[in-house]
Every structure is written in structure tokens, then in C-alpha cells.
Amino acid sequence: MVAKGGSRERGMKHHERRALEAEHHPEAIRRRLSAPQRAETVPDAILGGIDGCVTTFAVVSGAFGAGFSATVALVLGFANLLADGFSMAVSNYESIQAQREHIQGVREREHYHIDEVPEGEREEIREIFRRKGLSGEALEQVVDAITDDREVWVDTMLTEEHGLQKVTLSPLRSALTTFAAFLVVGAMPLLPYTIPALTTTQQFLASLAIAALMFFAIGMLKSLVYGQRMVQSGVRTLLMGGAAAGLAFLTGLLAHALFGVAP
């Protein structure tokens, strides 16, 4: 059994090695690097989905803890779903737009510096690559090659001096992705409250199960995108979402006990 397992493992490693070598073939490298870079919207979908599920299930948990009816939980849940989803999308839009404007401002400033003090900007390039270990003729060749193309020069200053990325998200696409994920995932814990045949406790338990499934599924999706361990990522996301919902539930209980909040 051990020998078979070891042979299978060696076979998998050999297959992975072949695939890795194929990816690093000169033609494959040229094709990959010449393809236009794309800004990923997956992080926006993950963030929107997690926040949407936390928002609505927190409302459901708080309402159940305070003893509110299913109708109240449903109304509050959908109201928070729309308002918070829109607010989050707008915030994401403004954040990315501000980032794009900042990058454009830095780019314009670097163009101005090249026009006004080109030798000073060349010295900055020289110092950047000197710190990377280049020296002598090799260093001067790199400096000449970079400063020979103005856009390459500016792009290098953006990434190396300012730590900025050339590729940024589309503010509108990012906002819409966040809003859509927020609404779709966030609506899931509210579905049991649309079934009047269930008791309040049954509705809450069903909502709890759906929310747990959503958190775990989002964590698994995140693991597929970022190469993390699937179960570990799912459990971690589930625990974070559960902690937020638990705080909301305790808040509802305290409000009920301390302030006389009742259905």
C-alpha cells in the first residue's frame, strides 16, 4: 500500500513538473506576458458576498434574540440588504476611483519631472537598480534601455519608486460586482422567513443553516481562486461570519433584557 501510494505521489509530482515546464517554455512565457493584464473582480465578489450574508443574518439573529416576529426580521433584513449593499458599492466605487486618480496624478508628475530634470530622473532609475545588485556596465545598459522609452520609464517609476500598480479595477464594474454579490448571497438567509408555514424557531434554524453554507461556500471559492486549502479556508470564513452573527444575537438578547424590547 505504501509503495503504491508513493508511486502515485511521484506520478502526480512528475505530471505537475511537466505542466510547470510547459508553462515556462519561452513561447508560453512570451504569450503570457504579452497578454493584456486584467484587474480581478473576484475579491469584490467575495467581499460583497461575505458582507451581504453577515449583514442579513446579523439582522435575523438580532431579531430572533430580541423576540421579534418573522415579518419584522424579513422587513429589517431586506431594508438592510438594499441600503448596506448600495452603500458598500458606492464606497467601493469611490475608493477605486480615488486610487485611479492618485495613480494618474503620480504619472503626470513623473512626466513633468522627466521634462524638467531628466538627469535627476535617470539617477533615480540608476539608484533603484543599483539597490537590486546591478553595477558597472550592466547597470548603465539597464538605465539606458529603460529611459529610452518614456512610458516604460514612467511605469518603472510608478512601480519601483511609488509602489503603485499600472492595472487598476474599473470603479463601475467593481461597484456592480460588489452590489450583485451582496444582494444574491445576502438574500439567502432571508428565504426561510418567506415561508409562513414554518415556526419562528424553524425559520431561524433554517436561516442559520443557509448562512453557514454560504460562508463555507465563499471560503471554498476563495481557496480555489487564491490557491489556499479548501476546507481550512471554508471553516475560517464560516467562523468569522458566525462570530459576527453571534454578536448580533447577543445584542438582541441584551436589548430584550435591558430595555424591554419585545415583539
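Every read-out reported here was derived from the displayed coordinates using simple, explicitly stated rules and does not represent laboratory data. Just so you know, these numbers come straight off a predicted model, no measurement behind them. Backbone-built Cβ (ideal geometry, glycine too); neighbour counts: all protein chains shown.
Where does region 41-258 land on the Kirkwood hydrodynamic radius, alpha-carbon pairs, in angstrom? Don't skip to the end; give the middle numbers.
Numbers: mean 1/r = 0.0486 Å⁻¹.
After inverting the pairwise mean of 1/r, the radius is 20.6 Å.
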**Q.** Simple label model, 7 Å out from Cα along Cβ direction - residue 195 to residue 257, nm
**A.** 3.1
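Per 0.36 nm of contour for each residue apart, how much would the distance between residue 106 and residue 184 grow if the chain were fully extended, relative to their Cα-Cα spacing?
Values: separation 78, 0.36 × 78 = 28.08 nm, distance 3.76 nm.
Full extension of this stretch gives 24.3 nm more.
For region 141-247, which trypsin sites (Lys or Arg not before Pro) are both in a DSSP coil and crowded by at most 16 other Cβ atoms within 10 Å? Don't skip to the end; give the middle numbers.
Working: sites: 150, 166, 173, 222, 229, 236; in loops: 166, 229.
Loop-located and lightly packed - 166, 229.
Taking 0.36 nm per residue of sequence separation and subtracting the Cα-Cα distance, how much length would be gained by fully extending the chain between residue 151 and residue 232, in nm to one decimal?
Working: separation 81, 0.36 × 81 = 29.16 nm, distance 4.31 nm.
Residue separation times 0.36 nm, minus the Cα-Cα distance, leaves 24.8 nm.
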Q: Counting other beta carbons within 10 Å of each Cβ, put 218, 195, 146 in order, fewest first.
A: 195, 146, 218
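Tally Lys/Arg at +1 and Asp/Glu at -1 over every other residue whose Cβ is under 13 Å from the Cβ of residue 88; what's the total? Kindly include the intermediate steps, with their values, before the conclusion.
Values: positive: none; negative: 44, 51, 84, 94.
Charge balance near residue 88 sits at -4.
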